[in-house]
Amino acid sequence: MLKSLSNAVGVSGYEDEVAELIKSEMEKYADEVEIDKMGNVIGLKRGKGKGKIMLAAHMDEIGFVVSHIDKNGFIFISPVGGINVKTLISRRVIVHGNERYYGIMGSVPPHIKEKEEKELSIEDIFVDIGAKDREEVLKKGIKVGSIITYDGDLKKLSGRRYTSKTMDDRIGVFVLMETLKKAKSSYDIYFVATVQEEVGLRGAKTSGYKISPDIGIAVDVTLANDIPEVKEHKRITELGKGPAITIMDRSVIGNKRLNSFIEKIAQEENIPLQRNILSRGGTDAGTIHLTKEGVISTTLSIPTRFVHSTVECVDMNDVENAVKLLVKVLEKLDSFAVYQEKKTYSTYGRSRKQSYE
Ligand code: CO
Ligand code: ZN
């Protein structure tokens with residue numbers, strides 16, 4: 001399942017292929033599944049009407065659209081989502097026209113030192129599909145606006161570690177699927193595979209509005225900078241040490257009561273859990289928590305090395321622990337108070353009881 005999920009195509013705004021795959025899989029376990037106007041896949045597993053919880057993982061991936069085809073058949077590109085130009089040179093990509101065509105992201109060989117090496121920009125990158133001129137490219141149904149995705153199939157590394165082009169965030173979708181299979185809750189659970197997260201958390205905004213949940217949890221990746229040269233205080237999370245709860249990122253401050261509720265469950269169930277603080281980037285929780293009058297929200301993340309490259313890498317132990325934790329959280333949600341008891345203060349000074357305290 002993870003293989004077909006992560007190999008599927010779904011650049012932001014063009015999620016149809018991956019959406020169909022997710023929908024057909026969700027239909028096996030959910031009470032209702034729909035694809036809404038924006039393209040979000042929403043699966044509902046009914047509880048006992050206690051409230052509504054929304055679990056969101058984005059199914060879109062970063063990629064490119066064709067911006068120009070020159071007379072020699074070279075294709076120029078515009079990025080969709082946060083692309084790190086340094087990761088592009090010598091990449092194999094797939095250009096989507098009438099069929100799928102392999103392309104390569106070229107660079108000038110070191111033997112030809114025409115210019116001083118300068119900071120590379122996306123405008124310098126071109127894709128070569130092997131065509132001899134523009135006509136040959138056009139004949140393949142490739143035009144301005146055609147999408148381009150990375151060629152980066154899921155591969156197993158040592159131990160329980162895996163790499164693919166789209167761990168961000170098909171691994172989150174995978175966690176949702178596995179949770180859906182096992183989840184029991186007094187809450188109605190909405191499993192949402194969102195669109196257009198990579199271009200600004202857009203699908204979560206509209207699906208959040210439609211569902212209007214009491215609680216929202218985004219499941220996404222976070223940085224695991226546990227690699228050479230990165231100092232200890234800059235590692236954020238580490239692979240294999242459990243999923244991570246978001247204290248804060250650029251889009252949301254994880255709800256402190258929900259976070260402690262989740263941390264308490266992790267402790268009770270002996271599930272390792274890390275704490276995530278990101279100074280850049282955000283997740284779907286960033287828009288979910290601002291829905292209508294506000295939603296208690298946080299993010300559960302899978303630590304991932306090399307985020308936003310073609311070799312994003314995760315540890316399946318973290319993935320399994322994320323599923324385990326979510327299932328337990330859903331099960332015990334009854335004991336979480338969405339509304340806190342209000343402390344009442346009289347307008348005319350303190351009540352007698354408080355004045356004695
Ligand atoms: Co991303
Ligand atoms: Zn993501």
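The values are calculated or read from the model by the stated rules, or taken from the named source; none is laboratory data. Computed from a predicted model, the values in this text were never measured in an experiment. All Cβ positions, even for glycine, are placed from backbone atoms using ideal geometry, and neighbour counts span all protein chains on display. Surface areas here come from the heavy atoms of the whole protein model, side chains and all, with no ligands, DNA or RNA. Shrake-Rupley method; radii C 1.70, N 1.55, O 1.52, S 1.80 Å.
Here's the picture: charge each Lys and Arg Cβ at +1 and each Asp and Glu Cβ at -1 in region 1-135, and of Met59, His96, Val11 the one pushed furthest to the positive end of that dipole is Met59. Scanning the chain for long hydrophobic helices, with DSSP H runs required to stretch 20 angstrom or more by C-alpha along their axis and to average at least 0.0 on the Kyte-Doolittle scale, returns 167-182, 316-331. Summing charges over all other residues whose Cβ lies under 13 Å from the Cβ of Ile215, with Lys and Arg as +1 and Asp and Glu as -1, gives +1.
Kindly identify region 274-340 as rounded, prolate or oblate by the Cα gyration tensor criterion: order the square roots of the eigenvalues as a ≥ b ≥ c, call it rounded if a/c is under 1.5, otherwise compare a/b with b/c, prolate if a/b is larger, else oblate. The shape class here is oblate. The loop-placed trypsin sites (Lys or Arg not before Pro) in region 215-322, going by DSSP, that have at most 13 neighbouring Cβ atoms within 10 Å of their Cβ come out as Lys231, Arg250, Arg280, Lys292. Within region 63-150, the proportion of C-alpha pairs whose separation exceeds 20 Å stands at 30%.
For region 7-111, the set of GluC sites (Glu not before Pro) satisfying both a DSSP loop assignment and a count of at most 14 other C-beta atoms within 10 Å is given as Glu27, Glu99.
Within the shell of other residues whose beta carbon sits under 12 angstrom from the beta carbon of Glu320, the net charge comes to 0, with Lys and Arg scored +1 and Asp and Glu -1. Take the Kirkwood radius over Cα pairs of region 99-211, plug it into Stokes-Einstein at 37 °C and 0.692 mPa s, and you get 173 µm²/s for translational diffusion. Estimated from the Cβ-Cβ distance and a Förster radius of 25 angstrom, the FRET efficiency linking Lys182 and Glu263 is about 0.75.
Applying the criteria of a DSSP loop state and at most 15 other Cβ atoms within 10 Å to the trypsin sites (Lys or Arg not before Pro) of region 62-102 yields Lys71.
Protection proxy ranking of 124-131, 6-13, by the mean of other Cβ atoms within 10 Å over each peptide's residues and highest first, is 6-13, 124-131. Taking 7 Å steps out from each Cα toward its Cβ at Arg250 and Arg92 produces label points 3.3 nm apart. Given the rule -39500 (n - 2.57) for each run of at least 4 DSSP H residues, summed and divided by the residues of the chain, what is its mean residue ellipticity at 222 nm, to the nearest 500 deg cm²/dmol? My calculation for the chain gives -7000 deg cm²/dmol from helical runs alone. Net length available on complete extension from Lys48 to Glu136 is 25.8 nm, with 0.36 nm assigned per residue and the Cα-Cα distance removed. Here the Kirkwood formula puts the hydrodynamic radius of the chain at 21.7 Å, using every distinct Cα pair.
Share of carbon and sulfur in the accessible area of the chain stands at 50%, probe radius 1.4 Å.
Within region 63-150, how many Lys pairs sit with Cα atoms under 29 Å apart, leaving out pairs fewer than 8 places apart on the same chain? Step by step, the pairs that qualify in region 63-150 add up to 19.
Accessible area per residue for the chain is 51 Å², calculated with a 1.4 Å probe on protein heavy atoms, without ligands, DNA or RNA.
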